[in-house]
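Report on the structure given below.
The values are calculated or read from the model by the stated rules, or taken from the named source; none is laboratory data. All values derive from a computational prediction rather than experimental measurement. Note: ideal-geometry Cβ built from the backbone for every residue, glycine included; neighbour counts use all protein chains shown. Quick note on the areas: whole protein, heavy atoms, side chains included, nothing else; ligands and nucleic acids left out. Shrake-Rupley method; radii C 1.70, N 1.55, O 1.52, S 1.80 Å.
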Amino acid sequence: MNVPDGFIPLWQCFIYAILMLISWIFTLKWLVGSLLKLKKEESNFTKLIKYIILVLFLMAFTFILQAFVIPVPYGVGISLIGAAIITIILRSPWGAVLVMTPVLLTQWLLFGYGGLTTMGVNIINSGVVAGLTGFYVFRLTKPLDKILRTLLGGFFSGFLSLFFASLAVSVEFWLAGTFPLAKGIMWMGMYSSMIGILEGIMTMIVCIILLVLKSQAKKSRINKKVTPNVIET
């Protein structure tokens, strides 16, 4: 749902750019903290390489995911975002800002999707709004059973991350005088609700895969501990 140049006045774009820079301060703080934790652990170089590969994979995955856009009257085209998946995998809402920034820049440079003056507002919507929503909705389901959290938390974190990011666009367009608020919310809300179901299902499937992988890794660690050492005589 990248906002193109010309839809928002330049003075408002400047405000969103400042908000984007503030979000990147929090993102860099989280990123440095994560890398320092890896440094303290054993085999930190291998884990660091895996972490970099994971982030690059999420960037490629997000880029492909957002390639299919549905046009919306009184709004901008809506696509799947993937912000909730990113925040759940990287365990931080700022992971979405880290991944979305190069993705949005690449989309603009290669295809002209979005805009340069609106880069700030697009990162705020896809990274901050969608990222914070997806992360904290999933976190709210922490008291639930693992399976329920995977199903309900996964679905609603994905659904609401896209839905609230779409509503943010409607409010921004209203503040810019581009579209009426009521019509923007109606159309963006209706389309994002439909696409949000797909976002929710996709996020839920990823959460199921993560749960299975985590369970297998836990069983593997237990088996290694209980297996007696073979002593050659």
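Between ILE49 and LYS214, the C-beta separation translates, for a Förster distance of 30 Å, into a calculated FRET efficiency of about 0.90.
By the equivalent-ellipsoid construction on the alpha carbon gyration tensor, the stretch 144-214 comes out with semi-axes of 32, 9, 8 Å, ordered largest to smallest. Along the stretch 113-118 the Karplus relation, 6.51 cos²θ - 1.76 cosθ + 1.60 evaluated at θ = phi - 60°, assigns HN-Hα couplings of 7, x, x, 7, 5, 9 Hz to successive residues, with x for each Gly and Pro. Taking amide hydrogens as placed 1.01 Å from N in the peptide plane, the amide H of ILE78 sits under 5 Å from those of ILE70, VAL72, each at least 5 positions away in sequence or on another chain. For the chain, the relative contact order is 24 percent, taking Cα pairs closer than 8 Å that sit 6 or more residues apart in sequence and dividing their mean separation by the residue count. Here the scattering of the chain is modelled by Debye summation over its C-alpha atoms, one equal scatterer each and no solvent; at q = 0.08, 0.17 Å⁻¹ the log10 of I(q)/I(0) is -0.33, -1.24. For the residue pairs LYS142/LYS183; LYS37/LYS219; LYS29/LYS219, the alpha carbons lie more than 30 Å apart in LYS142/LYS183; LYS29/LYS219. Of the residues THR133, THR141, THR106, the one that moves most in a GNM of the chain with alpha-carbon contacts below 10 Å is THR106. Across the stretch 168-173, coupling constants 3J(HN,Hα) worked out from phi with the 6.51/-1.76/1.60 Karplus curve, θ = phi - 60°, read 4, 4, 4, 5, 5, 5 Hz, and Gly and Pro carry x. Annotation: per residue accessible area for the chain equals 56 Å², rounded to a whole number [probe 1.4 Å, protein chains only].
Taking only protein heavy atoms and a 1.4 Å probe, the accessible area of the stretch 65-137 is 73% carbon and sulfur.
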